[in-house]
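The values are calculated or read from the model by the stated rules, or taken from the named source; none is laboratory data. All values reported here derive from a predicted model rather than from experimental measurement. When we count neighbours, we look across all protein chains shown, and the Cβ atoms used for this are built from the backbone with ideal geometry, even at glycine. Heads up: the accessible areas ignore ligands, DNA and RNA and are worked out on the full protein's heavy atoms, side chains in. Shrake-Rupley method; radii C 1.70, N 1.55, O 1.52, S 1.80 Å.
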Amino acid sequence: GKRLAIVALGPSSRAYLDMAGAAVDRRTEWEEVWTCNNYATVIQHDRLFVMDDMRLLMKDPDPMMPVLIEAIRRHPGPVYTSCPHPDFPTMVEYPLEAVVNDLVSDYFNNVTAYMLAFACAIRVKSLHVFGIDFKAMDSKDAPHGRECCEFWLGNAHRLGIPVTVPTSSPLLDTNLADRWTGFRPLYGYETVNFERGHEARFV
């Protein structure tokens with residue numbers, strides 16, 4: 001039942017920083033903030049998600065990986081992951097079985113999808129998402145990641161959880177929304193006007 005912000009690593013995460021900075025105290029806007037991976041030491045948050053198996057991350061040749069691993073080691077927790085590691089005491093196992101059984105889907109192909117599904121499963125009061133952009137469309141994984149996250153945002157909508165996406169993000173085509181009305185253009189209805197109440201807004 002909490003107001004939740006999920007902040008991933010994409011460019012629209014700057015909108016979170018703008019809103020949090022304007023609020024002075026982020027908790028006036030959101031009762032919880034979740035983030036993932038490299039943002040472990042970048043923004044204040046309540047829960048961190050690193051779904052990769054630490055045993056594999058510790059073998060990763062990326063020169064920045066030791067920085068992330070040390071940040072996770074020092075993290076006060078909770079750090080949700082697929083396979084908790086004894087060297088990282090604040091790691092907890094992601095409740096996969098409970099989430100999948102509650103939402104009747106196992107469609108996960110990126111870390112933010114797990115975060116969105118968890119938010120749905122615990123029935124947050126509202127959901128603000130930042131940085132879930134998948135703008136690197138030359139990446140073979142980007143389109144699939146966006147599709148998966150939009151699937152879970154659709155589930156949030158089905159559960160009655162209000163979803164907000166910054167207008168700087170292409171997620172749900174939010175960047176195409178009219179600046180004044182907040183509504184996206186509808187295919188085939190370019191010449192038709194119709195009334196839409198505020199409650200009809202998805203983002």
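What do you reckon, is ASP133 exposed (fewer than 15 other Cβ atoms within 10 Å of the Cβ) and charged (D, E, K, R)?
No: the conditions fail for ASP133.
Could you check the range 30-48 and list, in sequence order, the residues that are open to solvent by 70 Å² or more (accessible area, probe 1.4 Å), modelled with pLDDT under 95 and in a loop (DSSP other than H, G, I, E, B)?
Within the range 30-48, VAL42, GLN44 meet the criteria.
Cβ-Cβ below 6 Å, separation at least six or inter-chain, first residue in the range 91-112 and under 24 Å from GLY160 (Cβ atoms), second part of a helix (DSSP H, G or I) and of a type in the set (Val, Ile, Thr): which pairs?
ASP106/VAL100
Looking at (1) within 22 Å of TYR80 (Cα to Cα); (2) without any contact (Cβ under 8 Å) to a residue 60 or more places away in the chain; (3) open to solvent by less than 30 Å² (accessible area, probe 1.4 Å), can you tell me which one ARG146 breaks?
Just one mismatch for ARG146, condition (3).
Listed here are the residues, each with its yes/no results for (1) open to solvent by 10 Å² or more (accessible area, probe 1.4 Å); (2) of a type in the set (Ser, Thr, Tyr).
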site	(1), (2)
CYS120	no, no
ASN155	yes, no
THR174	no, yes
TRP180	yes, no
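For the range 1-27, which positions are among the β-branched types (Val, Ile, Thr) and either open to solvent by less than 40 Å² (accessible area, probe 1.4 Å) or at pLDDT 90 or above (or both)?
From the range 1-27, those among the β-branched types (Val, Ile, Thr) are 6-7, 24; that's our starting set.
ILE6, VAL7 - these are the residues of the range 1-27 that are among the β-branched types (Val, Ile, Thr) and either open to solvent by less than 40 Å² (accessible area, probe 1.4 Å) or at pLDDT 90 or above (or both).
Would you pick out the residues in the range 49-78 that are buried (at least 19 other Cβ atoms within 10 Å of the Cβ) and either of a type in the set (Asp, Glu) or touching a Phe, Trp or Tyr at 6+ places or on another chain (Cβ under 7 Å) (or both)?
PHE49, MET51, MET54, ILE72 - these are the residues of the range 49-78 that are buried (at least 19 other Cβ atoms within 10 Å of the Cβ) and either of a type in the set (Asp, Glu) or touching a Phe, Trp or Tyr at 6+ places or on another chain (Cβ under 7 Å) (or both).
Yes/no matrix, rows are residues, columns are (1) within 22 Å of PHE118 (Cα to Cα); (2) out of contact with any Ser or Thr (no Cβ under 9 Å at 6 or more places or on another chain); (3) of a type in the set (S, T, N, Q):
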site: GLU150; (1), (2), (3): yes, yes, no
site: ARG158; (1), (2), (3): yes, yes, no
site: VAL165; (1), (2), (3): yes, no, no
site: SER169; (1), (2), (3): yes, no, yes
site: LEU172; (1), (2), (3): yes, yes, no
site: ARG179; (1), (2), (3): no, no, no
site: ARG184; (1), (2), (3): no, no, no
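Would you check if ASP106 is among the charged types (D, E, K, R) and modelled with pLDDT of 95 or more?
yes
Taking the residues in the range 157-172 that are assigned to a helix (DSSP H, G or I) and on the phi < 0 side of the Ramachandran plot as candidates, determine which candidate is most open to solvent (accessible area, probe 1.4 Å).
Top of the filtered list is ARG158.
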